[in-house]
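All remarks here apply to the structure that follows.
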Amino acid sequence: MLTRAMASAFLLITAACATAPSTREPAAPAGASAPSEPGRTLVAAVRVEPLTLAERSLREQGVAVYLSSRMFNADLAILDDTGTPRPYLVEAFPQLNTDSWQVFPDGRMQTSYHLKPNLTWHDGEPLTADDWVFSWRVYSTPELGAIGRPMSVIDEVSAPDARTIMITWRQPYPDAESFTTRDAYFPALPRHILESTYADGQWDAFVNHPFWTTEYIGLGPFRLDRWEPGAFYEAVPFAGHVNGPPKIQRIKVLFISNSNTALANMLSGVVQLSADTSIRTAEVSILRREWGPDGGTVILHPNQWRAAFFQFRPDVLTQPALMDLRVRKALAMTVNKDPINEAVYEGNSLISNTMIPPLTETGKAIDRAITKHTYDPRAAEQLLEDAGFRRGADGIYTSPSFGRFHSELATNAATDNEAELAILDHTWTQFGLEMQQNVVGGGLERDNQLRATFPGIWVNNTSVGEPALLNHMTVRIPKAENRWQGGNRGGWSNPDFDRLADAYATTLDRAERLQQLVDMAKLQADQLPAISLFFVTQPWAFVSGLTGPKLVAGESNMSWNIETWEFR
């Protein structure tokens with residue numbers, strides 16, 4: 001059994017070389033400069049270089065890129081600090097049972113969105129409703145692998161005039177009011193830049209068009225000024241931003257994959273903002289201590305659901321026993337989450353039993369309904385015996401059907417991830433379920449096919465809330481046919497879950513939708529396609545000269561109001 005002392009020891013062993021910053025002056029990474037002149041350039045650090053600056057990529061990012069997504073993009077709506085949608089590029093949201101949101105007797109719907117006047121792209125070209133019509137064509141192209149809800153329930157997107165987007169739906173769709181905010185299904189794309197390449201039908205050329213990276217043209221508060229691949233990008237205010245230009249004159253974003261290096265650069269003053277997990281919770285206490293009361297602020301944003309996902313594709317699964325629900329439950333009931341939270345996350349993460357935090361009425365209703373697989377080794381032993389397993393002479397469980405239990409246990413390379421993996425490996429192997437650690441790094445953690453064909457268990461973060469739950473739909477299984485796009489990477493498929501998800505997507509009554517959401521969460525918890533671990537907090541650290549960032553709801557972006565930030 002893993003004690004708190006043992007858990008702490010695992011973290012200390014892992015962090016001995018990776019966490020403690022050097023006492024010497026750190027060398028700045030490529031692209032860094034001396035501390036910027038106050039009021040001019042804000043230097044930020046992120047852990048991973050974005051694959052694209054677009055709000056919705058045609059290649060999955062593999063990691064969260066909140067800062068760049070917000071800096072360069074704007075959509076019909078935006079989630080504010082409470083997680084509530086606000087009109088952004090539109091004058092108002094459609095209202096049910098008005099001319100802007102009509103439901104027809106045959107079940108079809110039509111919604112209209114009226115753009116604010118005088119909107120332009122970063123290059124000065126006018127933004128029109130036709131840019132959404134073009135975007136719908138792009139994201140609904142099967143060869144580009146982006147089809148999913150609501151694309152499959154949209155019959156047509158049209159532009160009655162330059163400022164009006166009209167969507168005709170094949171069936172009721174309750175999130176039509178502000179659907180582009182919650183799931184970014186098809187944000188506008190610049191037709192004047194991409195249409196000729198799209199028309200050629202050369203899909204690899206389209207996906208690799210420089211628009212998506214070094215020549216990005218967006219609608220957000222900042223526009224791209226320079227991108228040095230592997231090092232940094234720089235952005236300047238966009239004078240035509242719908243809410244006015246931002247107050248910060250320039251932002252330079254460094255790509256620093258090592259959290260120890262990011263911490264050292266924060267302490268030296270080279271970097272003034274750490275975002276997108278460039279530092280980890282293990283470094284937070286060091287940063288706070290070295291800064292003292294006046295050096296800066298660290299905000300812990302609980303925006304990620306962390307879970308151990310099981311593989312369900314029989315052609316890649318190397319331990320078929322994981323298909324047995326009793327075995328999955330036994331694995332879940334041997335994980336003592338509290339010591340892991342203390343050792344790896346310094347107690348800053350929240351223990352989770354599902355992907356929807358019990359902080360709202362919806363979350364509380366789900367928490368009351370779901371099965372909680374709490375720590376209970378004795379019950380786990382009984383489940384394994386019921387599944388035909390017996391302990392061998394070496395303490396490892398063996399069964400006549402599956403042989404000696406052995407499974408790969410993988411995660412992405414990062415200080416916290418590796419410390420956590422060491423604890424899980426020790427816990428399960430000590431219990432009699434042998435694991436083989438696999439830390440995936442060197443860019444492979446962004447290989448969509450690899451991430452979807454892991455042979456055993458993958459411990460990973462996803463977004464919190466409803467999107468994380470709906471990722472368990474069969475339609476969201478990545479495969480070659482959809483260019484390995486989709487959040488259901490373990491390949492779990494359940495017809496009852498799909499039926500509930502389909503009903504949820506077409507039900508307009510809020511009470512009915514709540515019950516469908518509860519039923520989906522309960523089914524997911526009962527069938528256990530993943531062991532729910534934590535709501536992981538993501539540190540955002542910034543110096544005292546930067547004002548504006550504050551704690552926001554888990555589903556919101558910490559930089560949602562970046563145009564109002566000031567740096568002195």
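FYI, it's all coordinate maths here, none of it is from the lab. Everything numeric here is computed off the predicted structure, so don't read it as measured data. Note that we place each Cβ from the backbone using ideal geometry, even for glycine, and neighbour counts take in every protein chain shown.
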Exercise. Go from 0 up to the bin containing the longest alpha carbon distance in the range 55-139, width 10 Å each, and give me the % of pairs per bin.
Key: 13, 37, 37, 13, 1
Quiz item: What percentages, rounded to whole numbers, describe P(r) for the range 303-536 computed over all alpha carbon pairs with 10 Å bin width beginning at zero?
Solution: 8, 32, 37, 20, 3, 0
Exercise. Could you work out the equivalent-ellipsoid semi-axes for the range 406-490, taking the square root of 5 times each eigenvalue of the Cα gyration tensor, largest first, in whole Å?
Key: 24, 14, 13
Quiz item: In terms of modelled amide H atoms, which long-range or inter-chain residues lie less than 5 Å from the amide H of ASN303?
Solution: GLN538
Quiz item: Any idea what % of Cα-Cα pairs in the range 209-338 are farther than 24 Å?
Solution: 57
Practice problem: Evaluate Rg over Rh across the range 471-568, taking Cα atoms for both radii and Kirkwood's formula for Rh. | Solution: 1.12
Exercise. Considering the options SER559, PRO302, TYR233, tell which one lies farthest towards the positive end of the dipole of the chain, charges being +1 on Lys and Arg and -1 on Asp and Glu at the Cβ, about the Cα centre.
Key: PRO302
Exercise. Taking all pairs of distinct Cα atoms, average 1/r, flip it, and tell me the Kirkwood hydrodynamic radius of the range 77-195 in Å to one decimal place.
Key: 14.8
Quiz item: Where does the range 144-265 land on Rg(C-alpha)/(2.2 N^0.38 Å)?
Solution: 1.35
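Whole number please: convex hull volume per residue, Cα atoms of the chain, in Å³.
146
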Quiz item: If we sort 357-363, 266-272 on the protection proxy, mean other Cβ atoms within 10 Å, highest first, what's the order?
Solution: 266-272, 357-363
Exercise. Please give the FRET efficiency for ALA393 paired with LEU444, using the beta carbon to beta carbon distance and R0 = 35 Å, rounded to the nearest 0.05.
Key: 0.40
Quiz item: Per residue Cα convex hull volume for the range 336-407, in cubic angstrom?
Solution: 140
Quiz item: Tell me, what HN-Hα J-couplings in whole Hz come from the Karplus equation 6.51 cos²θ - 1.76 cosθ + 1.60 at θ = phi - 60° for each residue of the range 324-333, using x for Gly and Pro?
Solution: 7, 4, 5, 5, 5, 5, 4, 4, 5, 7
Quiz item: What ranking do 230-239, 374-383, 40-49 get when scored by the average of other Cβ atoms within 10 Å per residue, highest first?
Solution: 40-49, 230-239, 374-383
Quiz item: Once you list every other residue whose beta carbon is under 10 Å from the beta carbon of ILE78, what net charge do they have if Lys and Arg are +1 and Asp and Glu are -1?
Solution: 0
